[in-house]
Each structure stands twice: as C-alpha cells, then as structure tokens.
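Inspection log for the structure reproduced underneath, given as structure tokens.
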Amino acid sequence: MVGINLIPVGSYGEAEFIFGILKISLVVGLIVIGLVIDLGKAPNHERLGFRYWKEPFRELSHNGTTIHGAKGKLLGVWSTLVNAGFAFAHVQVVAIAGKETHNPRTSIPLALSRTAYRILFLYISVIFILGLIVPASHPGLHSDTGTATSSPFVIAAKEAGIVS
C-alpha cells in the first residue's frame, strides 16, 4: 500500500483503475455465483427460489434482547440502513478529482451520474441476491469472529456445498 502511494501520479491512476476493475469483476462474479446457487446449479442441486423471503423484516435483537412487534421490525430495518450507509462512503472522491480533469464542467457531472448508476445497480443486485440465498436468521451472520466465515457469500457457498 505504501509503495503505491509513492509512485508517480500517472502510475497511481493506472493502479487505481486496475483495482477498480478488479473490484467490479469480483462483485459481478459474486452476483453470478449467487444466481447459480439460487437456481440450483450448485453441488447440492437445491433450488432456493424466494424461500427466505417469507419473513421480510426481522425484529431487532441485540445482546440477547429482542424488541418484538412493529417497533422491533422498524428498528431492525433502521439498523440495517445505518450499516449500509457506510458502504457509500467516499463517493465524493469523484468530485475531488475535478481539479485534475481536462474539462471538469462536463466530466464531473457525467462521472457522478455514472457512479450513482453503478452503485445502484451493483448494490441493489448484491442485496437482492443475498436475500435469495442466505436466511436472515442464519447464526453465521451474527458471529463476531472477525473472519470471512461471517460473510454472507461464504455462508451461501458453504450451505450450497461449494466449499467445506
């Protein structure tokens, strides 16, 4: 990481571009894997469909205490939205880069609108796929091990028999 920050600006831009392409490729790959799991083409050949959408909003459960009813469901959705908000951090970097562009009056609005469309498409797709392949009540989602085992995609791959 330090080495990339010490290279010239042009090379840094190329490295950022390559890492961006890798991130987008990873997300698209995870969407495809999620669809494969959902449609029953994984090793366990179990078609999931919309099985996990029977209870769309979970009640908030924190430190062993569950808040029941409409208030618990509202707080559960709210806590999810607060956590998802952190995923949109640093979108303003596109606007900060305006000083280095050739024609900022046209390129910055275009870049921001493209960024918004990409974020909406990728994030909504990933959330939709995860809602199809992992139940919200899965105990692995609530583990605090700090490892990849609590990742919803890792949980889905284990449940589908892709990894052990």
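The values are calculated or read from the model by the stated rules, or taken from the named source; none is laboratory data. What you see is a predicted model, and the numbers here were worked out from it, not measured in a lab. All Cβ positions, even for glycine, are placed from backbone atoms using ideal geometry, and neighbour counts span all protein chains on display. Quick note on the areas: whole protein, heavy atoms, side chains included, nothing else; ligands and nucleic acids left out. Shrake-Rupley method; radii C 1.70, N 1.55, O 1.52, S 1.80 Å.
Structure above, values below:
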item	result
Å² of accessible area per residue within the chain, as computed with a 1.4 Å probe and no ligands counted	74
Nearest-10 value in Å² for the accessible area of I18, using the 1.4 Å probe	90
For the chain: relative contact order, % (alpha-carbon pairs under 8 angstrom, 6 or more apart)	27
Set of lysines with alpha-carbon distance to K73 below 25 Å, sequence-local pairs under 8 removed	K54
Carbon/sulfur fraction of accessible area - the chain, other protein chains in place, 1.4 Å, %	68
For the chain, built as a Gaussian network whose Cα springs stay under 10 Å, the top-fluctuating residue of G85, G34, G131	G85
Modelled FRET efficiency - R0 41 Å, T66 with I18, Cβ distances, 0.05 increments	0.35
Within a Gaussian network of the chain (alpha carbon springs, distance under 10 Å), most fluctuating of P43, P135, P109	P109
Fully extended contour minus Cα-Cα distance, from T80 to R118, at 0.36 nm per residue	11.6 nm
Candidates I124, I24, I67, ranked by Gaussian network fluctuation over the chain, Cα under 10 Å, top entry	I67
Cα-based Rg and Dmax for the stretch 1-48, where Dmax is the largest Cα-Cα distance (Å)	17.6, 51
Measure of compaction for the chain (Cα Rg per 2.2 N^0.38 Å)	1.29
